[in-house]
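Pasting a structure below so you can have a look.
The values are calculated or read from the model by the stated rules, or taken from the named source; none is laboratory data. Everything numeric here is computed off the predicted structure, so don't read it as measured data. Cβ: placed from backbone, ideal geometry, glycine included. Neighbour counts: every protein chain shown.
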Amino acid sequence: MERTPAQCSQSELAAFAVAAAKGGEVEADDIVSGAKRAIRLLWISDASGNPCATAALKRPNLGYKNKVFGRAGLPDEAARFDIELGYVFVDPAHRQGGYGTRLVRRTIQIAGACPVYATSRSDNNGMRRILERLNFVIAGREYCSARDEATRLRLFLRECES
């Protein structure tokens with residue numbers, strides 16, 4: 001499923017947020033508010049109709065974006081990246097089925113030639129492989145998550161496609 005936030009019902013936004021929050025990086029309430037500002041929300045549903053894989057193409061608020069790039073040691077790069085790939089999560093029971101790659105690839109298509117950034121836990125090798133396969137590169141230094149000092153994050157950048 002692929003929709004703009006305005007096309008989503010309240011129950012779809014809530015189901016998207018609950019599924020994406022299982023990734024443990026963002027609270028469901030924060031996802032709902034962020035999802036409402038997204039360019040596009042994407043999800044794949046399981047047999048019962050519940051989202052089992054999620055992704056979003058977002059326009060993050062300036063403060064958040066500057067914080068991410070600053071923590072990664074690249075504050076001057078933030079201005080070039082207005083679009084974020086986020087809320088990417090695939091339920092463990094549905095991993096290794098290509099869902100993550102499919103969703104990330106589609107978000108890149110939607111972004112077109114625009115540069116896109118993403119963040120991922122440093123230990124999330126599956127996400128790192130997907131991002132690198134789709135021409136994202138690790139940028140800057142590893143940094144601590146604002147939610148949990150023990151969680152380390154990496155910034156990934158995908159430059160403009162010509």
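Only one of G86, G112, G100 is of a type outside the set (A, V, I, L, M, F, W, C), modelled with pLDDT under 95 and under 24 Å from R3 (Cβ atoms); which?
Of the residues listed, the single one that is of a type outside the set (A, V, I, L, M, F, W, C), modelled with pLDDT under 95 and under 24 Å from R3 (Cβ atoms) is G112.
Continuing with this model, one more query. Among (1) within 19 Å of G24 (Cα to Cα); (2) surrounded by 14 or more Cβ atoms within 10 Å (Cβ to Cβ); (3) charged (D, E, K, R), there is one condition R71 misses while meeting the rest; what is its number?
Result: R71 passes all but (1).
Just give me the residues in the stretch 1-27 being surrounded by fewer than 17 Cβ atoms within 10 Å (Cβ to Cβ), of a type in the set (G, A, S) and assigned to a helix (DSSP H, G or I), in sequence order.
Matches in the stretch 1-27: A6, S11, A14.
Could you check how many residues of the stretch 28-60 are within 17 Å of V104 (Cβ to Cβ) and surrounded by fewer than 15 Cβ atoms within 10 Å (Cβ to Cβ)?
Residues meeting the conditions: 0.
Still on this structure, please answer the following. Restricting to the stretch 74-83, and then to whatever is of a type in the set (D, E, K, R) and out of contact with any helix residue (DSSP H, G or I) (no Cβ under 7 Å at 6 or more places or on another chain), can you tell me which residue is surrounded by the fewest Cβ atoms within 10 Å (Cβ to Cβ)?
Across the stretch 74-83, the extreme among qualifying residues is D76.
Quick one: in the stretch 125-138, which of the residues that are surrounded by fewer than 17 Cβ atoms within 10 Å (Cβ to Cβ) and not basic (K, R) is nearest to A20 (Cα to Cα)?
Top of the filtered list is G126.
Moving to a separate point now. Answer yes or no as to whether R128 is within 23 Å of Y64 (Cα to Cα), basic (K, R) and under 14 Å from the mean Cα position of the chain (by Cα).
Spelling it out, R128 is indeed within 23 Å of Y64 (Cα to Cα), basic (K, R) and under 14 Å from the mean Cα position of the chain (by Cα).
Let me ask something else about it. Which residue out of G100, G63 is crowded, with 22+ Cβ neighbours inside 10 Å and out of contact with any Phe, Trp or Tyr (no Cβ under 6 Å at 6 or more places or on another chain)?
The conditions single out G100.
Oh, and also: R158 - would you say it is among the basic types (K, R), crowded, with 17+ Cβ neighbours inside 10 Å and under 14 Å from I108 (Cα atoms)?
So R158 passes the test.
Can I ask one more? Do you know which residues across the stretch 77-115 are farther than 11 Å from L134 by Cβ and of a type in the set (V, I, T)?
Listed by number, the residues that qualify are I83, V88, V90, I110.
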